[in-house]
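The structure under discussion appears below in the form of structure tokens.
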Amino acid sequence: MSAYRKAFLFSILLLFTLSNNIFAQSNLVRGFVYDKESGEPIIFTNVYLSKTTYGAATDVNGQFTISRIPSGTYTLLVTFIGYDTLKEQVVLTGNTVLTKKLYIKKAAYSLEGVSISAEYQELRTDTRTSVIKITPKQMKQIPSIGGQADLAQYLQVLPGVIFTGDQGGQLYIRGGSPIQNKVILDGMVIYNPFHSIGLFSVFETDILRTADVYTGGYGASYGGRISSIMDITTRDGNKKRISGKAGASSFGSKLLLEGPLNKSKSDNGGSASYILSFKNSYLEQSSKALYSYIDPQGLPFNFTDLYGKVSINANNGSKVNLFGFNFKDQVKYKAISDFGWNAFGAGMNFVVIPGISPVLMEGNVSYSSYKINLNELNSPARSSLINGFNVDMGFTYFLGKDQLKYGVELLGFTTLFNYTNSVNRVIEQKENTSEIAVYVNYKLSRKKFLIEPGFRIQYYASIPEFSPEPRIAIKYLANNKLRFKLAGGFYSQNLIAANSDRDVVNLFYGFLSGTERLPDSLGNRAIKHKVQTAQHIILGAEYEPWKNSLFNFEVYYKFFSLLANINRNKLFKDEDPYSNAQSIYYKPEYLRKDFAYETGNAAGFDLSFKYDYKNIYIWAVYSLAYVDRYDGQVYYNPHYDRRHNVNVVASYEFGGKKLWSVNVRWNMGSGFPFTQTQGYYEQLQFPQGIFSNVLTQNGNLSVIYADYNKGRLPYYHRLDAGITRKFLLSENSSFDANVTITNIYDRKNIFYVDRISNQKIYQLPIMPSAGITFSF
């Protein structure tokens, strides 16, 4: 057995031992809150003991824990907007550990002003710096492009998030590129969460429970990336009856089915349920008839997404989820002959309530794979594959208002990559590597202070190196309306992006793992450690000027102290005589190494305002950002360096029973950097070497580039609007119809310029779409 596997097993044993030997505590009430009708866990609801300060909010599993309660008789209350308040008497004597399964019913009359929002309560009990919680309800409050609400569309309106385009767009978060942003679905790593059209993610909105987006300064339980984390959780299937949704739009279709596999015979009994989702795009076919004014040959985007999950629930609320997915994407641009990727995976996660022990155990075991291919008309083919497993085990111990969380994580994966650069130098790699991490996080609540220190140790076997990573988050509650916060830490990762910064359309995003084939220096700086690293610091404030409203301001700085990228300057092979310092043919590392080191900075601030009450929802964001890189030769701005970004979203429900809703979104962003074309030349291939006849040989037309990314594209802006009407058919069935117009005033936003023909290609023009959804 290898050393790192022994270390992993030892860590599991040690952490489990600690979970049962940490100092004793007094009475504890814990359990789960469920929807009475569907059996689905109710997240972020308040559970507290009446006329006391003891209480908690449920997590993404509907779980709550109230600890260190004095002995006595109490009334346990569960309150949530839109549901009847649940009251239940509990008697606690000695060191009681009481586990409850609580079911709440939807209210016959909506009393929205009565209950305190758990979301706003969490602002006072959690540090919540640079994290945004997203629910399906929020996703449906922006215009649903293509008639389907989607996570990819909502992410574009978040503070610090930059979206590079409607076609082939990627998300960049506070200076971090996609390779530096980790996406987790039910504990499983997803290597590409977005389709090529840029308007749709691989996740079906109606199966999501919540998505937590950490734009920086995240805690010790997350690692392996140096910029951001997106932690997505799917919901369980309906435990009471068979139900589902079927929908179609001008862009694509979807189908969702869910229901019980084993119905619970009582509220305290066990159960099992399933949920299945399918969605696809037929835009390539429908656009020939509906959007021929954009391109008579159609918009070449096709994708298919499948996801399935089985949930098994024990009598005491412990649960096991089994899940699997297959996501596919295919596109053909005018300048690209064939592009596509295929991702699949499967796994399980669990939540365990171990008897009378006050610890909560959570874990995950999963496998996922991602393969991408790009065959270009005038360039060599590229391909990339990454597949592997991840295993993690976490323990949460509740100590009154304090909380201790610790755990261990193990990842193993294979990367396979083949790429030819612009001067026909081949870069290829096959690596098997593994990572192991141990972390601890403590949440301390003292009067007006919330303090959350953490520490993570990450080991990268392929380099091999240890990375010690301290983390900290602090919040000060100045008064009931104003709070100040701080977060920061050290972060590391081993993955490298397998793409070229010179790509006009940046679709190809493959993966490389860290390797010994990295250079020994960056400019005049000797490199002693191979792992990529970054440090974050965030300062912010939250202010509630009136009820149901929130201003949030954060200023941030990320120092990317070491980055690794494909070396775009490579001209020579990394072998004799070019690598021999004694040879007259010796070439410096930046001209012969496959990879190059860089450093970088990302700084700026985000200001957001949210108002959410009854039938009105308003969300406004302004972001100012500066991003730069240094590759040892030149300083430059990466192609996603957008100085100014504005998003405004508004939604309004009206009519009897609020069956009508209308929403709008406006986005404006300053221009992205790009490398201008300075001239052209004929590149001769010399197929017979020195015997080639340059007088008769026909060369290829090649580009002379100007200084890297010194140009700026024009400003981008777009207005979208949508309207939806719900028709109630019966108690459990309804019909929704919606119409959306994208780019209402038909702004010609630049996509790219063909360097050879000088033809301008634009983002999507005015584009109406419609969709219908039947729920049962």
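The values are calculated or read from the model by the stated rules, or taken from the named source; none is laboratory data. Predicted, not measured: the structure shown is a model, and the values here were computed from it. Here the Cβ positions follow ideal geometry from the backbone for every residue, glycine too, while neighbour counts run over all protein chains shown. For accessibility, only protein heavy atoms count, side chains too; no ligands or nucleic acids. Shrake-Rupley method; radii C 1.70, N 1.55, O 1.52, S 1.80 Å.
Restricting the stretch 437-446 to residues that are over 11 Å from Gly407 (Cα atoms) and in contact (Cβ under 8 Å) with a residue 12 or more places away in the chain, the residue that is surrounded by the most Cβ atoms within 10 Å (Cβ to Cβ) is Lys443.
Yes or no, residue by residue, for (1) aliphatic (A, V, I, L, M); (2) in contact with a helix residue (DSSP H, G or I) (Cβ under 8 Å, 6 or more places away or on another chain); (3) open to solvent by less than 70 Å² (accessible area, probe 1.4 Å); (4) without any contact (Cβ under 8 Å) to a residue 12 or more places away in the chain:
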site: Gly656; (1), (2), (3), (4): no, no, yes, yes
site: Ser661; (1), (2), (3), (4): no, no, yes, no
site: Pro673; (1), (2), (3), (4): no, no, yes, no
site: Thr677; (1), (2), (3), (4): no, no, yes, no
site: Leu719; (1), (2), (3), (4): yes, no, yes, no
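For the stretch 604-622, the tally of residues that are in contact (Cβ under 8 Å) with a residue 60 or more places away in the chain and either touching a strand residue (DSSP E or B) at 6+ places or on another chain (Cβ under 6 Å) or basic (Lys, Arg) (or both) stands at 11.
The set of residues in the stretch 208-224 being assigned to a strand (DSSP E or B), open to solvent by 10 Å² or more (accessible area, probe 1.4 Å) and touching a Lys or Arg at 6+ places or on another chain (Cβ under 8 Å) consists of Arg209, Asp212. Of all residues in the stretch 114-141, those satisfying the criterion of being at pLDDT below 90 and either over 33 Å from the mean Cα position of the chain (by Cα) or among the hydroxyl-bearing types (Ser, Thr, Tyr) (or both) are Val114, Ser115, Ser117, Tyr120, Thr125, Thr127, Thr135. Residues that are touching a helix residue (DSSP H, G or I) at 6+ places or on another chain (Cβ under 8 Å) and either buried (at least 23 other Cβ atoms within 10 Å of the Cβ) or not basic (Lys, Arg) (or both) within the stretch 129-139 comprise Ile134, Pro136, Gln138, Met139, listed in sequence order. Counting only residues that are among the charged types (D, E, K, R), surrounded by fewer than 20 Cβ atoms within 10 Å (Cβ to Cβ) and either at pLDDT 95 or above or touching a helix residue (DSSP H, G or I) at 6+ places or on another chain (Cβ under 9 Å) (or both), how many does the stretch 470-520 have? The total comes to 1. Please work out if Ile162 is part of a strand (DSSP E or B), open to solvent by 10 Å² or more (accessible area, probe 1.4 Å) and more than 22 Å from Ile43 (Cα to Cα). Judged against the criteria, Ile162 is a match. For the stretch 267-298, a tally of residues being open to solvent by 10 Å² or more (accessible area, probe 1.4 Å) and in a loop (DSSP other than H, G, I, E, B) returns 11. When Leu713 is tested against (1) out of contact with any Gly (no Cβ under 9 Å at 6 or more places or on another chain); (2) under 30 Å from Leu764 (Cβ atoms); (3) of a type outside the set (Gly, Ala, Ser), exactly one condition is not met: (1).
With respect to (1) open to solvent by 30 Å² or more (accessible area, probe 1.4 Å); (2) more than 20 Å from Asn647 (Cβ to Cβ); (3) assigned to a loop (DSSP other than H, G, I, E, B); (4) touching a strand residue (DSSP E or B) at 6+ places or on another chain (Cβ under 7 Å), the lone exception for Pro687 is condition (4). Reported count of residues in the stretch 626-636, each being assigned to a loop (DSSP other than H, G, I, E, B) and open to solvent by less than 50 Å² (accessible area, probe 1.4 Å), is 2. If you go through the stretch 526-539 and pick out every residue that is outside any loop (DSSP other than H, G, I, E, B), at pLDDT 85 or above and not hydroxyl-bearing (Ser, Thr, Tyr), you end up with 7. The set of residues in the stretch 40-62 that are more than 20 Å from Lys106 (Cβ to Cβ) and open to solvent by less than 10 Å² (accessible area, probe 1.4 Å) contains only Leu49.
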